[in-house]
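Peer 1: Here it is, the structure, as structure tokens.
Taken together, the values in this text are just the output of simple stated rules run on the coordinates, not laboratory data. Here the structure is a predicted model, which means the values were calculated and not measured. Here Cβ is always computed from backbone atoms with ideal geometry, including for glycine, and neighbour counts include all displayed protein chains.
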Amino acid sequence: MYVLIGGAGLVGLSLAQKLVELGHTVSVIDNDPNACHYAREQVGAMAFEGSAVSTETLLEAGIRKADALAAVLRSDALNLAMVTLAKHYGVSHILARMRHRDFTEPLRLAGANHIISTVELAVSTMVNAIEYPQVESMMHFEQGQIEVLKMVIPNNCYVVGRSVAEIAQNPLFPSGSLIIGYQSHPHTDLIIPNGSTVVEPGSTVLIVTKPGFLHQVIDFIEGCQ
């Protein structure tokens, strides 16, 4: 996949690094010659010095052949301009970083498929880490309407030794919640469990639920026998 990134700051370069490691072809656009040099020499990406909202620079960087574009420039207004140009040149998959929520609808209307609010994401992550310290990680989908949490099963809790089906059928397990991933040990592969999968102490589970049920799910999982 050919990915074009507007902005070679910390986020842009980190994103480029990850994509290169995954085997994608990546080009970065930035006004800073030092950042472009770093992208070429240290990241292994192509880099084009110039404005990411200049049609000349975008065409030189191959925007017409880009499979995806990420706008991670220093301001929402610049990201909006880049998204608009990407849509104009036919990029099918467009991502934008957003600092202020007032830009949510303009970015969406301009053609952004995914809008990532860095401030809201950071705050949400920290709040979850404070409120749910036992949860290793938490992901949000559909504007926060669905949560997927990852947590380690403590010893001597209710679910230890019980099957996924038995857990799901328990009336105290929040309705609509589901165990969708299971890892018996840290060095084993994550699997999609079936009803007969038995939960072991020290294992890791992925659970999908609604935000209003988070406390109930955690309390149920950690309930002592």
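Peer 1: Rounded to a whole number, what is D in µm²/s for the stretch 1-92 from Stokes-Einstein with the Kirkwood radius over alpha-carbon pairs (37 °C, 0.692 mPa s)? The partial results should precede the final answer.
Peer 2: Details: Rh = 12.5 Å.
Estimated diffusion coefficient is 262 µm²/s.
Peer 1: Rounded to the nearest 5, what % of DSSP beta bridges with both residues in the chain are antiparallel?
Peer 2: Details: 20 of 41 bridges.
Approximately 50 percent, going by the DSSP bridge assignments.
Peer 1: Kirkwood Rh, Cα Rg: Rg to Rh for the chain?
Peer 2: Reported Rg/Rh, Kirkwood definition of Rh: 1.09.
Peer 1: What's the exposure ranking of Lys87, Lys18, going from fewest to most Cβ atoms within 10 Å?
Peer 2: Arranged by neighbour count, lowest to highest, Lys87, Lys18 become Lys18, Lys87.
Peer 1: Provide, in order from the shortest bin, the percent of all Cα-Cα pairs of the stretch 131-222 in each 10 Å bin, continuing until the bin that contains the maximum pair distance.
Peer 2: The calculated distribution, bin by bin, is 17, 56, 26, 1.
Peer 1: Going highest first, how would you order 31-41, 71-81, 198-208 by mean Cβ packing within 10 Å?
Peer 2: In decreasing order of mean packing, 31-41, 71-81, 198-208 become 71-81, 198-208, 31-41.
Peer 1: Taking the Cα atoms only, what angle lies between the long axis of helix 10-21 and the longest principal axis of the chain, rounded to 10 degrees?
Peer 2: Roughly 80 degrees, rounded to the nearest 10.
Peer 1: I need the Debye-formula profile for the stretch 1-43: one equal scatterer per C-alpha, no solvent, reported as log10 I(q)/I(0) at q = 0.33 1/Å, two decimals.
Peer 2: -1.29
Peer 1: Can you give me the C-alpha center-to-center distance between the stretch 57-79 and the stretch 160-225, rounded to a whole angstrom?
Peer 2: 42 Å
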